[in-house]
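J.: My questions all concern the structure below.
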Amino acid sequence: MRHDLFSTPLWHIEGAPQQLIDELYQGAYRFKKSHPSENKSNKGGYQTPALEWKDFHPQGIDYIDKVVGDIFKFKVESWWYNINGQGHWNVPHIHAGSDLALVLYVTDSDGLLNLMDPNSRRFAGTTKHGDHIKVNANKGDILMFPSDLVHYVMPNQREEDRISISMNLQLC
């Protein structure tokens, strides 16, 4: 399903296979044990370094290739795990050097992802209401949007970790 926000596309693909999500969940913690955290957009959370597509879960590669490939031709430039514990969040950022950002939710998003309106006119010292939209996704859902769209993630309020996988896509 495609939604247009601020004249900007957002793709929401629902329901990756539960077995795949369960294996990706376990994989997040294996990566956390074996890779130090990168400090890019995360505040207090964990992010793996950027990883190569060939190192993603084999069934995950097939699933992403199918569901995204039904929309357009692409290649994955890089991917990484995000694990946000209670109180952890991600600052406003973009994904420079790619065409689309993709987020695969390994746990529910809790509506913490915020996309900024690229057409908002804000002035120093002021805040315009309605200059962002909160997007909700369930465990197993994929969200895709232009990589130059400023986005951020509000602090996780749950005691359980919030886990997602981010990807940078290049259109072919």
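J.: Would you kindly derive the ³J(HN,Hα) couplings of segment 31-36 from the backbone phi angles with the Karplus curve 6.51 cos²θ - 1.76 cosθ + 1.60 (θ = phi - 60°), listing them in order in whole Hz, with x for Gly and Pro?
T.: Rounded to whole hertz, the list is 5, 4, 6, 9, 10, x.
J.: Where nothing but the Cβ of Lys and Arg (+1) and of Asp and Glu (-1) is charged, how large is the charge dipole of segment 1-120 around its Cα centre, in debye to the nearest 20?
T.: That gives segment 1-120 a dipole magnitude of about 360 debye.
J.: While we're on this one: If I compute solvent accessible area with a 1.4 Å probe over the protein chains, what percent of it on segment 1-104 is carbon and sulfur?
T.: For segment 1-104, the apolar C and S fraction of the accessible surface comes to 51 percent.
J.: Work out which trypsin sites (Lys or Arg not before Pro) in the chain are exposed loop sites (DSSP not H, G, I, E or B, at most 11 other Cβ within 10 Å) and give the longest gap free of them.
T.: 1-72
J.: Something else about it: Would you mind working out the magnitude of the charge dipole of segment 1-65 relative to its Cα centre, with +1 at each Lys and Arg C-beta and -1 at each Asp and Glu C-beta, to the nearest 20 Debye?
T.: Working: 7 positive and 9 negative charges, 81 e Å.
The calculation lands at about 380 debye.
J.: Determine one quarter of the surface area of the Cα convex hull of segment 1-93, which equals its mean projected area, and express it in nm² to one decimal.
T.: With every direction weighted equally, the projected area is 7.4 nm².
J.: Any idea what diffusion coefficient the chain gets from Stokes-Einstein, in µm²/s, Kirkwood Rh on alpha carbon pairs, 37 °C, 0.692 mPa s? Present the calculation step by step, with values, prior to reporting the outcome.
T.: Values: Rh = 16.4 Å.
Taking Rh from Cα pairs, D becomes 200 µm²/s.
J.: Can you grab the distance from the C-alpha centre of segment 36-58 to the C-alpha centre of segment 151-168, Å, no decimals?
T.: If we compute the Cα centre of each part, the gap is 13 Å.
J.: Under 5 Å between amide H atoms, partner at least 5 residues away or on a different chain: which partners does Asp110 have, H built in plane at 1.01 Å?
T.: The list, which skips near neighbours in sequence, is Ala137.
J.: How many Lys pairs in segment 7-113 lie less than 21 angstrom apart by Cα atoms, where the lysines are 8 or more positions apart or on different chains?
T.: 9
J.: Could you give the accessible area per residue of the chain, probe 1.4 Å, as a whole number in Å²? Can you show the working numbers first?
T.: Numbers: 9000 Å² over 172 residues.
On a per-residue basis, the chain sits at 52 Å².
J.: To continue, here is another question. Explain nothing, just compute: Karplus ³J(HN,Hα) = 6.51 cos²θ - 1.76 cosθ + 1.60, θ = phi - 60°, for every residue of segment 68-76 in order, whole Hz, x for Gly and Pro.
T.: Along segment 68-76, the couplings run 7, x, 6, 9, 7, 7, 7, 9, 8 Hz.
J.: Around Ser147, which amide H atoms from residues at least 5 apart in sequence, or from another chain, sit under 5 Å from its own amide H, with H modelled in the peptide plane?
T.: Leu100, Ala101
The values are calculated or read from the model by the stated rules, or taken from the named source; none is laboratory data. All values reported here derive from a predicted model rather than from experimental measurement. Backbone-built Cβ (ideal geometry, glycine too); neighbour counts: all protein chains shown. Calculation scope for accessible area: heavy atoms of the full protein, side chains included, ligands and nucleic acids excluded. Shrake-Rupley method; radii C 1.70, N 1.55, O 1.52, S 1.80 Å.
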